[in-house]
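The values are calculated or read from the model by the stated rules, or taken from the named source; none is laboratory data. Predicted model only: the values in this text are computed from it and were never measured. Neighbour counts are summed over all protein chains in view; Cβ atoms, including those assigned to glycine, are modelled from backbone coordinates with ideal geometry.
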Amino acid sequence: MLGPLTPRSRFIEVFLKAFAQTNRPRCASTSRQPEHIRTFISENTEVVGKQSLTPEIKLRLFTPTCRFWRERPELWPFDDPYWAIYWPGGQALSRYLLDNPAVCRSKTVLDLGSGCGASAIAATLCGAAHVVANDIDTVAAVATHMNCELNGLQPPVCLSHNMIGSPPKGFDLILLGDMFYDEALATSLHSWLDHCIRTHGTKVLIGDPGRAQFEEHRIRRLLRQLAQFELPESVREENYGLTCSSVWCYHPELSGP
Ligand SMILES: C[S@@+](CC[C@H](N)C(=O)[O-])C[C@H]1O[C@@H](n2cnc3c(N)ncnc32)[C@H](O)[C@@H]1O
């Protein structure tokens, strides 16, 4: 339950509202140049390292010291800044990759719904041959570039069009960090992932902290759990008491004949 509107709960309220929305197409204003967006991101985020499941990855994120933590949400000039949060599903997925580098090594990897780019960064650190970060928010692509620079890495290819439903490309591995927050999105993802697996034998890994939309979706019965991580205290506090986040591998054949 939301308590009185403290700065943090006010901020989280914005995200709850965003999570309640359907998967509407979103894009940043094309009149804004990336340099302008870079400056905006620099001025309105803080470099964060230690508080996540992957302390070895530095990211520019919202923290309580940032202006928009307590600012009126309507003053935010872009679409909802999902990229400014390192979501628990993405944290678990990135942790799993860093602990199991062979999963990505020499592979072509797509991080779909890449947000801040942490899972794409983890895949790069693990020696992936080629990494693509896809997020329909064009500001996320700028944030991903900046986060790669922070970690001394070449940025991945960043794509901002909606790939879900398009003819599948031959990726070895698709990563989905906290992408099952909306039922319609989950359903379209599910059928597209089936298509990718049938066409190219792509492996699919999902990170999720047990959101209702994930637990209740029919894809959930077709997943094998690979790992579970306890969330750090600060991540729990920011996520309404979620305590753990898991990594799952999608096995459509589990549905039986
Ligand atoms: C909850 S955030 C997860 C971000 C990141 N994976 C993480 O775990 O930190 C969901 C992200 O998916 C993006 N998104 C939503 N629908 C999408 C779509 N159809 N294709 C690509 N990205 C999408 C949003 O813009 C947002 O950045």
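Contact map, segment 103-132: residues that are modelled with pLDDT of 95 or more paired with residues that are within 8 Å of the ligand (Cβ to nearest atom) and β-branched (Val, Ile, Thr), Cβ distance under 9 Å, separation 6+ or inter-chain. Pairs shown: Leu112/Ile164; Gly113/Ile136; Gly115/Ile85; Cys116/Ile85. Can you spot a residue in segment 17-35 that is at pLDDT 90 or above, surrounded by fewer than 23 Cβ atoms within 10 Å (Cβ to Cβ) and either under 20 Å from Asp178 (Cα atoms) or not basic (Lys, Arg) (or both)? Within segment 17-35, one or more residues are at pLDDT 90 or above, surrounded by fewer than 23 Cβ atoms within 10 Å (Cβ to Cβ) and either under 20 Å from Asp178 (Cα atoms) or not basic (Lys, Arg) (or both). Given (1) within 14 Å of the ligand (Cβ to nearest atom); (2) in contact (Cβ under 8 Å) with a residue 40 or more places away in the chain; (3) more than 23 Å from Leu125 (Cβ to Cβ), identify the lone condition not met by Pro252. Among (1) within 14 Å of the ligand (Cβ to nearest atom); (2) in contact (Cβ under 8 Å) with a residue 40 or more places away in the chain; (3) more than 23 Å from Leu125 (Cβ to Cβ), Pro252 violates only (1).
Name the helices (runs of 4 or more DSSP H) wholly within segment 155-257 that hold at least 2 residues that are touching a helix residue (DSSP H, G or I) at 6+ places or on another chain (Cβ under 6 Å) and surrounded by fewer than 21 Cβ atoms within 10 Å (Cβ to Cβ)? Reasoning before the result, please.
Details: elements: 183-200, 212-215, 233-238.
Helices (runs of 4 or more DSSP H) meeting the threshold: 183-200.
Can you say whether Cys126 is touching a Leu at 6+ places or on another chain (Cβ under 9 Å), surrounded by fewer than 22 Cβ atoms within 10 Å (Cβ to Cβ), under 24 Å from Leu53 (Cβ atoms) and of a type outside the set (S, T, N, Q), as far as the supplied structure shows?
Working: touching a Leu at 6+ places or on another chain (Cβ under 9 Å): yes; surrounded by fewer than 22 Cβ atoms within 10 Å (Cβ to Cβ): yes; under 24 Å from Leu53 (Cβ atoms): yes; of a type outside the set (S, T, N, Q): yes.
Spelling it out, Cys126 is indeed touching a Leu at 6+ places or on another chain (Cβ under 9 Å), surrounded by fewer than 22 Cβ atoms within 10 Å (Cβ to Cβ), under 24 Å from Leu53 (Cβ atoms) and of a type outside the set (S, T, N, Q).
Could you list, in sequence order, the residues of segment 161-175 that are farther than 12 Å from Val109 by Cβ and aliphatic (A, V, I, L, M)? The answer is Met163, Ile164.
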